[in-house]
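The values are calculated or read from the model by the stated rules, or taken from the named source; none is laboratory data. The shown structure was predicted, so the numbers you read here are calculated from the model rather than taken from an experiment. In this analysis, Cβ positions are derived from the backbone assuming ideal geometry, glycine residues included, and neighbour counts consider all displayed protein chains. All accessible areas refer to the heavy atoms of the entire protein, side chains included, with ligands and DNA or RNA removed. Shrake-Rupley method; radii C 1.70, N 1.55, O 1.52, S 1.80 Å.
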Amino acid sequence: MRPLIVIGNWKMNGNLASNQDWVKTVARGMESGMPAGRKFAVCPSFPYLSQCSTLIKEYSLAFLRLGAQDVSAHGAGAYTGEVGASMLKEMGCKYVIVGHSERRQMHQEADESVAAKALQVLDSGMTPVICVGETADERNSGRAEEIVCSQVAKQVSVLQDRLADCLIAYEPVWAIGTGKVASAQVAQDMHRAIRLQLAEFDEDVASHVGILYGGSVKPDNAVELFAMPDIDGGLVGGASLNPQDFLAICQA
Ligand code: PEP
């Protein structure tokens, strides 16, 4: 049985005061317990990892884990401005997002570099959240499944068995930050296709890998999405900035 996982991606948002309020509100909301068999995490910007790690401990938020939004494809060395996986581990991260479409589009990240980042994350004992997804043009031209499965296949070719320790996030680019959520059936169909693609490599790996949906997840659509058999939770951007909405999605 795969656990349901909800991960909040704050992107380049937040500040010391608002982060504190967020953790305090989520701590209050989680006080009375959370549904069993679920995992929750939040991914602040790099400068706030230390603050959020301390706050999570301070509020004894055992339910909430910490994650990062990106990582270097290299271990250590002369890579000015980059952040290594071992540093994220030291800051208390459990999850690291790799290959988010904003990084693929704005920083020209290719599948090879996404896989190299995932390996760094695995080698440091954390879980990579590998993002895949098609653009609106790719979907409109009937190539959505082909594009997404080819992105997954490239990860399989590098990560092989280690994929069992990864999460995949299907995030249709046209649904990210647009309010245009994929219908639960459209998302389920793609999650199924991803699982079948993984099963071509190894059926056991395919049945264990959590596949999250991301793209305009909100409290009012999360229940239907998460009820789908191949949707194992969500990667939530905008709605995760509001602690009440994040809590509502975690309860969904
Ligand atoms: C994301 O950035 O990963 C995301 C899913 O954003 P949003 O929920 O705002 O669409």
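Among the residues of region 1-43, those identified as within 22 Å of Glu90 (Cα to Cα), open to solvent by less than 10 Å² (accessible area, probe 1.4 Å) and in a helix (DSSP H, G or I) are Asn19, Val23.
If you go through region 224-252 and pick out every residue that is more than 21 Å from Ile97 (Cβ to Cβ) and more than 16 Å from the ligand (Cβ to nearest atom), you end up with 4.
Ala73: under 15 Å from the mean Cα position of the chain (by Cα), under 18 Å from Leu122 (Cβ atoms), buried (at least 16 other Cβ atoms within 10 Å of the Cβ) and hydrophobic (A, V, I, L, M, F, W, C), yes or no? Against the criterion (under 15 Å from the mean Cα position of the chain (by Cα), under 18 Å from Leu122 (Cβ atoms), buried (at least 16 other Cβ atoms within 10 Å of the Cβ) and hydrophobic (A, V, I, L, M, F, W, C)), Ala73 does not qualify. When region 175-188 is limited to residues that are under 18 Å from Gln105 (Cβ atoms) and open to solvent by 50 Å² or more (accessible area, probe 1.4 Å), the one that is nearest to the ligand (Cβ to nearest atom) turns out to be Gly177.
Residues of region 128-151 that are open to solvent by less than 50 Å² (accessible area, probe 1.4 Å) and of a type in the set (Asp, Glu): Glu134, Glu138.
Anything in region 206-220 that is part of a helix (DSSP H, G or I) and open to solvent by 10 Å² or more (accessible area, probe 1.4 Å)? List them, or say none.
Residues of region 206-220 that are part of a helix (DSSP H, G or I), as a first pass: 206-208, 219-220.
Within region 206-220, Ser207, His208, Pro219, Asp220 qualify.
Kindly indicate which of Lys117, Lys154, Lys94 is at pLDDT 95 or above and open to solvent by less than 50 Å² (accessible area, probe 1.4 Å).
Of the residues listed, the single one that is at pLDDT 95 or above and open to solvent by less than 50 Å² (accessible area, probe 1.4 Å) is Lys117.
Of all residues in region 207-252, those being closer than 17 Å to Leu159 by Cα, touching a helix residue (DSSP H, G or I) at 6+ places or on another chain (Cβ under 7 Å) and at pLDDT 95 or above number 2.
Listed by position, the helices (runs of 4 or more DSSP H) inside region 44-156 whose residues that are free of Cβ contacts under 8 Å to residues at least 24 places away in the same chain and more than 16 Å from the ligand (Cβ to nearest atom) number at least 1 are 49-58, 85-90, 136-140.
What number of residues in region 201-233 are under 15 Å from Lys11 (Cβ atoms) and not aliphatic (A, V, I, L, M)? First the steps, then the outcome.
Within region 201-233, the subset under 15 Å from Lys11 (Cβ atoms) is 214-217.
Checking the rest, the ones that are also not aliphatic (A, V, I, L, M) come to 214-216.
Result for region 201-233: 3.
Candidates Asp220, Asp161, Asp204: the one that is more than 23 Å from Val96 (Cβ to Cβ), of a type outside the set (Gly, Ala, Ser) and away from the ligand (no atom under 16 Å from the Cβ) is Asp204.
Against the criterion of being in contact with a Ser or Thr (Cβ under 9 Å, 6 or more places away or on another chain), of a type in the set (S, T, N, Q), within 27 Å of Gly33 (Cβ to Cβ) and open to solvent by 20 Å² or more (accessible area, probe 1.4 Å), Gln251 does not qualify. Which residues, counting only those in region 1-41, are of a type in the set (A, V, I, L, M) and within 16 Å of the ligand (Cβ to nearest atom)? Hits for region 1-41 are Ile5, Val6, Ile7, Met12, Ala41.
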